[in-house]
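Structure record follows, encoded as structure tokens.
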Amino acid sequence: MLEHFSFRVIGQYMPLFLRGLWATCWISGISIFFALLIGIIACGLRLSKGRFLKKIAGIYIESIRSTPLLAQLYFFYFGLPTLHVNLNEVQTGILALALNSGAYIAEIVRAGIVSIPSGQVEAATAYGLNYLQRMRYVILPQALGVTIPALLGQFIVLVKDSSLVSLISVLELTRAGQLMASERFMPAEGFFTVAAFYLLIYYILKYLSNWWQNRLIYMEGH
Amino acid sequence: MIIFKNVNKWFGSLHVLKDINLHIHPGEVVVVCGPSGSGKSTLIRCINQLEPIQKGEIIVDGMEVNKRSTNLTKLRSEIGFVFQQFNLYPHLTVLENVVLSPIKVKKVPRKEAEANALRLLERVGIPDKANDYPSQLSGGQCQRVAIARGLAMNPKVMLFDEPTSALDPEMIKEVLDVMVELAREGMTMIVVTHEMGFARQVADRVFFMDAGQIVESNTPDEFFENPRNERTREFLSKIITHN
Ligand SMILES: Nc1ncnc2c1ncn2[C@@H]1O[C@H](COP(=O)(O)OP(=O)(O)OP(=O)(O)O)[C@@H](O)[C@H]1O
Ligand SMILES: [Mg+2]
């Protein structure tokens with residue numbers, strides 16, 4: 001069977017794969033950054049005392065988590081232009097990925113925050129820190145520490161989900177595989193290579209998270 | 001310094017503080033004792049507004065604790081609070097634990113805050129632990145760091161909620177020694193504790209709480225030799241047979 005597997009053509013397509021890999025990496029990276037930001041803010045709002053803000057955050061988190069990412073992506077891709085918001089394909093993809101992951105991250109961070117003993121909040125409150133300072137210096141550093149495995153899981157999901165932006169014709173890793181498959185009729189080679197690159201990203205992320213975890217455990221909070 | 005006027009507090013339908021009136025003067029050391037659930041912790045947690053009250057008035061250093069216009073941050077930076085479970089920040093070093101609030105709340109420059117923190121750590125007897133994490137310290141050492149953290153805000157009052165009851169017996173003394181010294185230096189202190197030796201040594205007054213009320217308030221000598229209230233006598237006999 002292997003004699004039919006064309007490594008030569010994979011080699012020919014390597015520049016395309018590398019372009020796709022690069023796009024997948026930076027699109028995911030930017031999306032993860034915004035997803036973390038959105039997630040932490042949404043979680044902060046959800047745990048805050050303001051009724052209205054709490055409600056908004058709740059609606060956002062629930063509606064994202066209850067609908068498929070593909071539907072969200074199409075909503076932004078086809079829906080936003082009719083509302084006269086014009087983003088290009090890549091921006092639309094990042095928007096959809098960040099908003100989607102942000103909702104999951106909000107829940108992950110919330111679980112981490114709830115797991116911090118109430119004495120920590122009490123001490124920080126008694127010593128005059130306000131809500132934002134308590135979050136920033138006391139709660140979040142500890143919550144992020146305990147949620148790293150779950151956050152890493154979410155990052156990996158995001159990288160895999162980023163393959164969906166191939167459907168709005170962004171050239172990333174999966175799209176590169178599709179191109180090779182359709183131009184050369186070699187789906188096995190094309191998607192095998194795609195899978196191998198995703199695996200590579202997975203191992204790099206895992207390595208980074210171990211490193212990050214070791215640092216965070218004994219790191220000061222700012 | 002601290003004034004309670006007809007203070008009442010409920011948790012839902014549970015009436016935990018009933019018409020509390022008291023007046024604590026600057027430099028005074030007050031020990032609060034009483035059975036579990038009588039409201040001792042709640043009493044001192046109301047002083048820095050960790051718990052809101054529903055009726056009455058609390059005044060600390062001229063500030064009305066439960067008035068909306070009161071600057072809670074300022075109020076809290078005048079009150080040091082030491083918890084039973086220490087509640088040190090586990091992700092920060094001892095030094096960072098002590099300087100966090102002075103830097104972030106009082107805006108003290110880091111250098112100055114650290115120098116002051118090192119002085120305080122020396123005062124509570126652990127100058128060599130500044131760069132350790134709380135998980136590397138014994139319970140007694142943790143509690144002394146917590147006291148240093150309280151003092152770092154340069155407070156006018158220190159509140160202690162059963163500071164030694166989570167400690168192994170051999171560590172109780174090292175913490176009490178620090179507190180005795182603090183009392184002798186003239187700090188205003190309210191200490192919830194069942195350490196009657198401490199009460200005899202430095203307290204100006206001892207309060208006995210039962211079911212949300214201060215049922216007896218007296219000098220330590222009178223309190224131990226001549227308890228007037230039936231419940232106080234019962235309680236003291238239990239504590240004394242325990243010791
Ligand atoms: N957050 C809370 N919500 C509801 N009830 C509470 C809360 N905190 C305390 N209580 C109740 O209020 C009463 C007084 O509690 P408090 O902690 O002040 O007692 P305590 O005298 O400090 O007791 P202990 O010696 O056990 O520490 C108890 O019946 C307790 O169950
Ligand atoms: Mg208590």
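The values are calculated or read from the model by the stated rules, or taken from the named source; none is laboratory data. If you're wondering where the values come from, they're calculated on a predicted model, not measured in any experiment. Don't worry about glycine lacking a Cβ; one is built from the backbone with ideal geometry, like all the others, and counts go over all protein chains shown. The accessibility values were calculated without ligands, DNA or RNA, using every heavy atom of the protein model including side chains. Shrake-Rupley method; radii C 1.70, N 1.55, O 1.52, S 1.80 Å.
Quick notes on this structure:
Residue-wise test of (1) surrounded by 13 or more Cβ atoms within 10 Å (Cβ to Cβ); (2) closer than 30 Å to A:Leu132 by Cβ.
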site	(1), (2)
A:Leu16	yes, no
A:Lys49	no, yes
A:Lys54	yes, yes
A:Glu62	no, yes
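- Subset of the range B:68-80 that is away from chain A (no Cβ under 11 Å) and open to solvent by 30 Å² or more (accessible area, probe 1.4 Å) - its residue that is farthest from ligand 1 (Cβ to nearest atom): B:Ser69
- For the range B:38-78, taking the residues that are small (Gly, Ala, Ser) and closer than 27 Å to B:Arg231 by Cβ, the one that is farthest from ligand 2 (Cβ to nearest atom) is identified as B:Gly56.
- Tally, over the range B:157-197, of residues that are touching a strand residue (DSSP E or B) at 6+ places or on another chain (Cβ under 7 Å) and either within 16 Å of ligand 1 (Cβ to nearest atom) or open to solvent by 20 Å² or more (accessible area, probe 1.4 Å) (or both): 11
- Matching entry among B:Val29, B:Val65 (being closer than 21 Å to B:Pro163 by Cβ and either buried (at least 16 other Cβ atoms within 10 Å of the Cβ) or away from chain A (no Cβ under 14 Å) (or both)): B:Val29
- Pairs with Cβ under 6 Å, 6+ apart, first in the range A:123-139 and at the interface with another protein chain (Cβ under 8 Å from one of its Cβ atoms), second of a type in the set (Asp, Glu): none
- Filter result (more than 8 Å from ligand 1 (Cβ to nearest atom), open to solvent by 10 Å² or more (accessible area, probe 1.4 Å) and touching an Asp or Glu at 6+ places or on another chain (Cβ under 7 Å)) within the range B:32-59: B:Leu50, B:Glu57
- B:Val105 vs. criteria touching a residue at least 40 places away in the same chain (Cβ under 8 Å) and either closer than 24 Å to B:Gly125 by Cα or within 16 Å of ligand 1 (Cβ to nearest atom) (or both): no
- Checking each residue in the range A:140-172 for being within 14 Å of chain B (Cβ to nearest Cβ) and among the hydrophobic types (A, V, I, L, M, F, W, C) picks out A:Leu140, A:Ala143, A:Leu144, A:Val146, A:Ile148.
- B:Ser101 being away from ligand 2 (no atom under 16 Å from the Cβ), out of contact with any His (no Cβ under 9 Å at 6 or more places or on another chain) and within 9 Å of chain A (Cβ to nearest Cβ): yes
- Among the conditions (1) surrounded by 19 or more Cβ atoms within 10 Å (Cβ to Cβ); (2) within 16 Å of ligand 1 (Cβ to nearest atom); (3) more than 15 Å from the chain's Cα centre (by Cα); (4) not in a helix (DSSP H, G or I), B:Val215 misses just one, which is (1).
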